[in-house]
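Written out below as structure tokens is the structure these notes cover.
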Amino acid sequence: MGLLEGKVIVVTGSGGGIGREHALAMAKEGGKLVVNDLGGSRDGSGTGSAMADAVVEEIKSAGGEAVANYDSVASVEGGENIVKTAIDAFGQLDVCVNNAGILRDKTLSKLDEGMWDSVIAVHLKGTYCVSRAAFNHMKERGGGGVIINTSSTSGLNGNFGQSNYGAAKAGVAGMTRCMALEGQKYGIRCFILAPVALSRMTEDLPGFQDDSFKTKMSPGLVSPLVTFLASDLAKDMTNKTFFCGGGRIAEMKMVTAAGVTKTDNGGLWTPQEVAEKMGGILLPE
Ligand code: NAI
């Protein structure tokens, strides 16, 4: 019996790249898949049904169950319709992987409002639109669930030329940490994923063209972690952030240093004292 037998799973943006690998891997474990993809290009322009249809066909020809959905994650209506597609086809939704994404990279000084708005709309608002519909369905159904939201080291650590994308991905992480707390009493487990893999999103980055790198950074290397998180093997876990890529899986965490507490003068520091105590305020290198 597969690890996800009987579970109904939505993977947004699963017509290609990392999402396609998630959908194939989870269908192989017995999950019933909604393959959502708007079918546009890397920068979010255009639409089409071919990408989602091809992955549905791949799953079906391997003996699995899948239906396609072509809605954009970036509207409330789209998010609700993606969840409705799962309920209409398979009666419920157990796992939602928010993976859809676009890129419009520019350094801040050249980043126009359209580039900001479109990236925030797909990644941050899109994660809200789909998560909220999925969360409410899981809450009302009362059987728990899993929501895995795709962030990025660009948002968690920063990356040159990606202030729109980094802001959206940091927002996704912040939102997910709050959702995880809210989901606890309903058995809804929430996770943050920071993947690295070769896809159309990263194919022109320096170093990603090398043949050995292509194998090393295959998008399929990210999906076993997602399959694990979606399964009952991880039933006691929630609210964790994982880096995953190139065969490496590692937890990531926001940390606060022990710091220094001023006890005299009502806790009011002088700027000079802040300077003097900086060694104890900063985290160790
Ligand atoms: P990709 O471009 O191959 O896949 C993204 C998919 O999302 C595409 O199939 C696209 O059609 C779909 N999509 C875009 N806008 C959509 C919308 N509004 N509604 C529904 N579907 C939409 O890129 P990749 O690399 O597979 O990215 C998957 C996720 O992983 C993204 O969220 C990305 O930001 C994230 N990520 C990827 C990294 C990498 O190294 N490839 C690094 C860090 C994060």
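Checked against the criterion of being surrounded by fewer than 15 Cβ atoms within 10 Å (Cβ to Cβ), out of contact with any strand residue (DSSP E or B) (no Cβ under 8 Å at 6 or more places or on another chain) and closer than 23 Å to Ser152 by Cβ, the stretch 67-75 contains one or more residues that satisfy it.
Filtering the stretch 179-194 for residues that are of a type in the set (Gly, Ala, Ser) and assigned to a helix (DSSP H, G or I) leaves a non-empty set. Of all residues in the stretch 100-120, those that are more than 11 Å from the ligand (Cβ to nearest atom) have Cβ atoms under 7 Å from Cβ atoms of residues that are part of a loop (DSSP other than H, G, I, E, B), 6 or more apart or on another chain, in Arg104/Asp43; Asp105/Gly161; Lys106/Gly161; Thr107/Gly161; Met115/Arg104. For the stretch 162-209, give me each residue that is aliphatic (A, V, I, L, M), more than 13 Å from Lys240 (Cβ to Cβ) and touching a Lys or Arg at 6+ places or on another chain (Cβ under 8 Å). Across the stretch 162-209, the qualifying residues are Ile188, Leu198, Met201. When the helices (runs of 4 or more DSSP H) confined to the stretch 1-110 are screened for residues that are aromatic (Phe, Trp, Tyr) and more than 18 Å from Thr227 (Cα to Cα), none reaches at least 3 such residues.
Looking for whichever is within 11 Å of the ligand (Cβ to nearest atom) and modelled with pLDDT under 95 here; the options are Gly44, Gly79, Gly13. Which one fits? Exactly one residue qualifies, and that residue is Gly44.
Could you go through the stretch 137-146 and let me know if any residue there is surrounded by fewer than 23 Cβ atoms within 10 Å (Cβ to Cβ), closer than 20 Å to Met26 by Cβ and touching a Phe, Trp or Tyr at 6+ places or on another chain (Cβ under 8 Å).
Quick first cut of the stretch 137-146, residues surrounded by fewer than 23 Cβ atoms within 10 Å (Cβ to Cβ) only: 137, 139-144.
From the residues that got through so far, the ones that are closer than 20 Å to Met26 by Cβ too are 137, 141, 143-144.
Next cut, touching a Phe, Trp or Tyr at 6+ places or on another chain (Cβ under 8 Å) only: 144.
Within the stretch 137-146, one or more residues are surrounded by fewer than 23 Cβ atoms within 10 Å (Cβ to Cβ), closer than 20 Å to Met26 by Cβ and touching a Phe, Trp or Tyr at 6+ places or on another chain (Cβ under 8 Å).
Scanning the stretch 216-240 for residues that are under 20 Å from Glu21 (Cα atoms) and either in contact with a Ser or Thr (Cβ under 7 Å, 6 or more places away or on another chain) or not in a helix (DSSP H, G or I) (or both) yields Met217, Ser218, Pro219, Val222, Ser231.
Can you confirm whether Glu29 is open to solvent by 50 Å² or more (accessible area, probe 1.4 Å), free of Cβ contacts under 8 Å to residues at least 60 places away in the same chain and more than 8 Å from the ligand (Cβ to nearest atom)? Quick ask: steps written out before the conclusion?
Values: open to solvent by 50 Å² or more (accessible area, probe 1.4 Å): yes; free of Cβ contacts under 8 Å to residues at least 60 places away in the same chain: no; more than 8 Å from the ligand (Cβ to nearest atom): yes.
Criteria not met by Glu29.
Answer yes if at least one residue in the stretch 133-155 is more than 12 Å from the chain's Cα centre (by Cα), within 14 Å of the ligand (Cβ to nearest atom) and among the polar types (S, T, N, Q), and no otherwise. Checking the stretch 133-155: at least one residue is more than 12 Å from the chain's Cα centre (by Cα), within 14 Å of the ligand (Cβ to nearest atom) and among the polar types (S, T, N, Q).
Gly220 meets all of the listed conditions (1) in contact with an Asp or Glu (Cβ under 6 Å, 6 or more places away or on another chain); (2) modelled with pLDDT under 95 but one, namely (2).
For the stretch 136-167, the tally of residues that are farther than 27 Å from Trp116 by Cα and outside any strand (DSSP E or B) stands at 9.
Residue-wise test of (1) within 19 Å of the chain's Cα centre (by Cα); (2) away from the ligand (no atom under 13 Å from the Cβ); (3) surrounded by 16 or more Cβ atoms within 10 Å (Cβ to Cβ); (4) closer than 17 Å to Leu33 by Cα.
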{"site": "Lys84", "(1), (2), (3), (4)": "no, yes, yes, yes"}
{"site": "Gly161", "(1), (2), (3), (4)": "no, yes, no, no"}
{"site": "Ala168", "(1), (2), (3), (4)": "yes, no, yes, no"}
{"site": "Val172", "(1), (2), (3), (4)": "yes, no, yes, no"}
{"site": "Cys178", "(1), (2), (3), (4)": "yes, yes, no, no"}
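For Asn36, the conditions (1) out of contact with any Pro (no Cβ under 9 Å at 6 or more places or on another chain); (2) under 25 Å from Arg189 (Cα atoms); (3) more than 8 Å from the ligand (Cβ to nearest atom) all hold with the exception of (3).
Out of the residues in the stretch 195-215 that are part of a loop (DSSP other than H, G, I, E, B) and acidic (Asp, Glu), which is farthest from the ligand (Cβ to nearest atom)? Explain how you work it out, then say what you get.
Step one: list which residues in the stretch 195-215 are part of a loop (DSSP other than H, G, I, E, B), which gives 196-210.
Now narrow it down to the ones that are acidic (Asp, Glu): 203-204, 210.
Numbers: Glu203: 9, Asp204: 12, Asp210: 15 Å.
The extreme case among them is Asp210.
The values are calculated or read from the model by the stated rules, or taken from the named source; none is laboratory data. Worth saying up front: this structure is predicted, and the values here are computed from it rather than measured. Note: ideal-geometry Cβ built from the backbone for every residue, glycine included; neighbour counts use all protein chains shown. Just the protein is used for accessible areas: all its heavy atoms, side chains included, with ligands, DNA and RNA removed. Shrake-Rupley method; radii C 1.70, N 1.55, O 1.52, S 1.80 Å.
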